[in-house]
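The values are calculated or read from the model by the stated rules, or taken from the named source; none is laboratory data. Remember, predicted model here, so these are calculated numbers, not experimental data. Cβ atoms come from the backbone with ideal geometry, glycine included; neighbour counts cover every protein chain shown. For the accessible areas, the whole protein counts, side chains as well, though only heavy atoms, and no ligand, DNA or RNA atoms are used. Shrake-Rupley method; radii C 1.70, N 1.55, O 1.52, S 1.80 Å.
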Amino acid sequence: MMENLLQLKDKNIVVMGVANDRSIAWGIAKRLFDVGANVIFTYRQERSLKKLQKQLENYGQPEALIVQCDVNSDDSTKAAFDEIGAKVGVIHGIVHSVAFANAEDLHNRFLETTRDGYAFAQDTSAYSLISTAKAAHPYMTEGGSIVTMSYLGAERVLDGYNVMGVAKAALEASMRYLAADIGQDNIRVNAISAGAIRTLAAKGVPSFNTILHKIEETAPLKRNVQQDEVADMTIVMLSHLSRGVTGETIYIDAGYNIMG
Ligand SMILES: NC(=O)c1ccc[n+]([C@@H]2O[C@H](COP(=O)([O-])OP(=O)(O)OC[C@H]3O[C@@H](n4cnc5c(N)ncnc54)[C@H](O)[C@@H]3O)[C@@H](O)[C@H]2O)c1
């Protein structure tokens, strides 16, 4: 019944950004397997590949297609999607769960943000959505859905989020412009703004523990969110259930963002 509602069975969905089993992207991949999707992975570093292969074995999916993709490189991004396109034909969905900034640009005063650090955070965390959509577009011939991962720091000033907040603001704006542009091809583009979750990327945010405590105290649900809660809403946004929604940022944050 649920499978019929979602219409994700046998759909080719590319998941970018699994570094380990804590990654938000891994939570999403597990759910996608559960609903019968054909999940294709991209990874950047060799050590992520090894972990991913092990995780896939443990999850009973050792045959999943895995392709190398460094989003800082147009050539790498294009080669990855050309390879995926050649192997599966049509791409129906993409989970863009990738971001990076230099540690010093999160630890130093915002005033000290360097030109290079700013450009690098934007390139990896915001432009990569555009380059990914461009590389995948020739294979999204049946329409589809692209979902990216954002954070409240895009809209509000959060201590220690600095240059990444500016990159997330650009990511959300890029998401809207993409949605407006490729809606004519029946491709939807949305962002999930996830609450704070303890992952590898989160380790880079200096005040992360304080953030977790503050959310517990302040959020309407009086708790933090879990990987599977973000995964479930991402599945909705990839599925037939959300077919009328594009260009939106959807908060999965126990309601924290509504509080003053
Ligand atoms: N953890 C949180 O609290 C939280 C909250 C909201 C949004 N997010 C966002 O969720 C997404 C996933 O992060 P996560 O928390 O799961 O951490 P994570 O460290 O598990 O995932 C980040 C991924 O980005 C990948 N990446 C970085 N640079 C790359 C490059 N040049 N090419 C290809 N891949 C690259 C890493 O390999 C890694 O797999 C990020 O966009 C992050 O900003 C995280």
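Things worth noting here:
- Bridging of Lys168 to lysines at a Cα separation below 22 Å is possible for Lys134, Lys203, Lys214, once same-chain residues fewer than 8 apart are set aside.
- Candidates Lys168, Lys203, Lys11, ranked by Gaussian network fluctuation over the chain, Cα under 10 Å, top entry: Lys203
- Placing +1 on the Cβ of every Lys and Arg and -1 on the Cβ of every Asp and Glu, with nothing else charged, gives segment 1-121 a dipole about its Cα centre of roughly 320 debye.
- Within the chain, helices built from complete DSSP H runs that reach 24 Å or longer along their own axis (Cα positions) and carry a mean Kyte-Doolittle hydropathy of -0.5 or higher are 162-182.
- Whole-number accessible area per residue in Å² for the chain, which is evaluated in the context of all protein chains at 1.4 Å: 48
- Taking Lys and Arg as +1 and Asp and Glu as -1, the other residues whose beta-carbon sits under 15 Å from that of Pro220 total -1.
- Under a model in which nothing but the beta-carbon of Lys, Arg (+1) and Asp, Glu (-1) is charged, segment 115-220 shows a dipole of about 140 debye around its Cα centre.
- Whole-Hz couplings from phi, Karplus 6.51/-1.76/1.60, listed for segment 196-207; x for Gly and Pro: 5, 9, 6, 10, 4, 4, 5, 4, x, 8, x, 9
- Per-q log10 I(q)/I(0), segment 110-260, q = 0.21 Å⁻¹ (Debye; single scatterer per alpha-carbon; no solvent): -1.36
- For the chain, the relative contact order works out to 20 percent when only alpha carbon pairs closer than 8 Å and six or more residues apart are counted.
- Expected 222 nm ellipticity per residue - DSSP helices of 4 or more, -39500 (n - 2.57), all of the chain, to 500: -13000 deg cm²/dmol
- Taking only protein heavy atoms and a 1.4 Å probe, the accessible area of the chain is 51% carbon and sulfur.
- Relative contact order (%) - criterion: Cα under 8 Å, at least six apart; region: segment 1-138: 26
- Farthest positive-ward along segment 16-148 dipole, Cα basis, beta-carbon charges - from Thr148, Ala37, Asn72: Ala37
- A simple count of charges around Ala170, restricted to other residues whose Cβ falls under 15 Å of its Cβ and scoring Lys, Arg +1 and Asp, Glu -1, yields -2.
- Dipole magnitude of the chain about its Cα centre (Cβ charges: Lys, Arg +1; Asp, Glu -1), debye to nearest 20: 360
- Measuring nothing but how far apart in sequence close Cα pairs (under 8 Å, 6+ apart) lie, relative to its length, segment 91-168 scores a relative contact order of 46 percent.
- Between Ile130, Ile187, Leu238, the Cα set farthest toward the positive side of the dipole of segment 130-260 (charges on each charged residue's Cβ, about the Cα centre) is that of Ile130.
- Karplus 3J(HN,Hα) series, Hz, for segment 90-104 with 6.51 cos²θ - 1.76 cosθ + 1.60 (x for Gly, Pro): 10, 9, 9, x, 9, 10, 9, 10, 9, 7, 6, 9, 5, 4, 5
- A cut-off under 14 angstrom between Cβ atoms defines the neighbours of Val88, and their net charge, with Lys, Arg +1 and Asp, Glu -1, is -3.
- Checking every one of the trypsin sites (Lys or Arg not before Pro) in segment 59-147 against DSSP loop status and a limit of 13 other Cβ atoms within 10 Å picks out Arg109.
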